[in-house]
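As structure tokens, the structure follows; a few thoughts come after it.
The values are calculated or read from the model by the stated rules, or taken from the named source; none is laboratory data. Note that the coordinates shown come from a computational prediction; the quantities given were computed from them, not determined experimentally. With ideal geometry, Cβ positions are generated from the backbone for all residues, glycine too; neighbour counts draw on all protein chains shown. Just the protein is used for accessible areas: all its heavy atoms, side chains included, with ligands, DNA and RNA removed. Shrake-Rupley method; radii C 1.70, N 1.55, O 1.52, S 1.80 Å.
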Amino acid sequence: MIDLTIADGVARIVLNAPEKLNALDATALGELSEAYDRAEAAQVRALVLRGEGRAFCAGRDISAVDPRTDDVSGYLDGLVTPLLKRMSAFPAPTFAAAHGACLGVGLGLLITTDVVYVADTAKIGSPFAALGATLDSGGHALFFERLGAHKTLDLIYTGRLMSGTEAVQSGLFSRVFPADELTDAVLGAATKAASGATQAFLASKELIRALRDERVGLWDSMTAENAAQAALCDTDDYREGFAAFQQKRTPTFAGR
């Protein structure tokens with residue numbers, strides 16, 4: 001489901017499973033990590049990440065997950081966090097084009113990309129209230145830093161999704177574009193960066209990473225998120241949320 005092409009010093013990575021809104025299972029995460037490895041080996045000078053179809057990435061593919069036996073720690077600690085760290089440290093400027101659903105792990109992919117352009121119709125937030133689960137992949141750190149505690153918990157408690165326009169106005173991401181202009185805009189920015197002062201860009205990237213990681217505590221927050229998610233796996237509401245999603249019905253939560 002992960003496509004990679006390289007041309008003119010720019011790697012283009014596409015999440016290509018539009019029938020499931022590019023939701024990511026363990027296999028897809030491995031393919032995505034491999035694509036970043038191949039792009040680095042090719043010594044590209046910029047990288048673009050985007051999703052095919054109606055969404056950038058709707059998060060984890062839970063269509064076949066049994067919450068009674070799910071190894072959520074293995075998924076998050078063993079696969080997601082290492083991938084996000086690997087993406088954050090990629091040795092070239094990275095860009096993402098985000099449209100449609102950008103949720104869960106999909107949001108994490110954006111958090112660990114240098115520059116994110118979003119479609120005005122993008123949907124960004126924390127829909128996990130309907131699953132009995134919690135926001136993961138660095139979402140708490142991003143939202144708290146940019147939105148503050150009240151707006152963050154409002155999004156989490158209500159499950160409300162922000163549009164791309166609102167997300168940019170709130171300072172979450174870089175720029176907003178009409179959906180039909182998004183891909184050209186991000187490819188244009190990446191192409192320009194690929195012909196620029198790569199080492200100077202990398203120096204700035206490292207400085208910003210150091211400032212961000214110290215201020216936000218991204219990785220510590222991500223570890224705490226993973227632990228919270230693992231604990232929630234043992235709750236009745238978590239199992240009910242998954243079952244309702246898979247059965248395409250409204251969940252009935254008991255609060256336990």
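Tell me, yes or no, whether the stretch 127-140 has at least one residue that is closer than 21 Å to Ala17 by Cα and within 11 Å of the chain's Cα centre (by Cα). Yes, some residue in the stretch 127-140 is closer than 21 Å to Ala17 by Cα and within 11 Å of the chain's Cα centre (by Cα). Selection of first residues in the stretch 92-105 that are more than 22 Å from Ile208 (Cα to Cα) and touching a residue at least 24 places away in the same chain (Cβ under 8 Å) and of second residues that are in a loop (DSSP other than H, G, I, E, B) and open to solvent by 20 Å² or more (accessible area, probe 1.4 Å), restricted to Cβ pairs under 6 Å at least 6 apart or on distinct chains, gives the following pairs, ordered by first then second residue: Gly100/Arg54; Ala101/Leu21; Ala101/Ala58; Leu103/Ala58. Taking the stretch 58-82 as the range and being in contact (Cβ under 8 Å) with a residue 60 or more places away in the chain, open to solvent by 60 Å² or more (accessible area, probe 1.4 Å) and hydroxyl-bearing (Ser, Thr, Tyr) as the test, only Ser63 passes. Of all residues in the stretch 21-30, those being buried (at least 16 other Cβ atoms within 10 Å of the Cβ) and either of a type in the set (Val, Ile, Thr) or on the phi < 0 side of the Ramachandran plot (or both) number 5. Considering only the stretch 139-150, I want to know if a residue exists there that is in contact with a strand residue (DSSP E or B) (Cβ under 6 Å, 6 or more places away or on another chain), free of Cβ contacts under 8 Å to residues at least 60 places away in the same chain and open to solvent by 30 Å² or more (accessible area, probe 1.4 Å). There is no residue in the stretch 139-150 that is in contact with a strand residue (DSSP E or B) (Cβ under 6 Å, 6 or more places away or on another chain), free of Cβ contacts under 8 Å to residues at least 60 places away in the same chain and open to solvent by 30 Å² or more (accessible area, probe 1.4 Å).
If we scan the stretch 77-88, do we find a residue that is among the hydrophobic types (A, V, I, L, M, F, W, C) and either on the phi > 0 side of the Ramachandran plot or at pLDDT below 95 (or both)?
no
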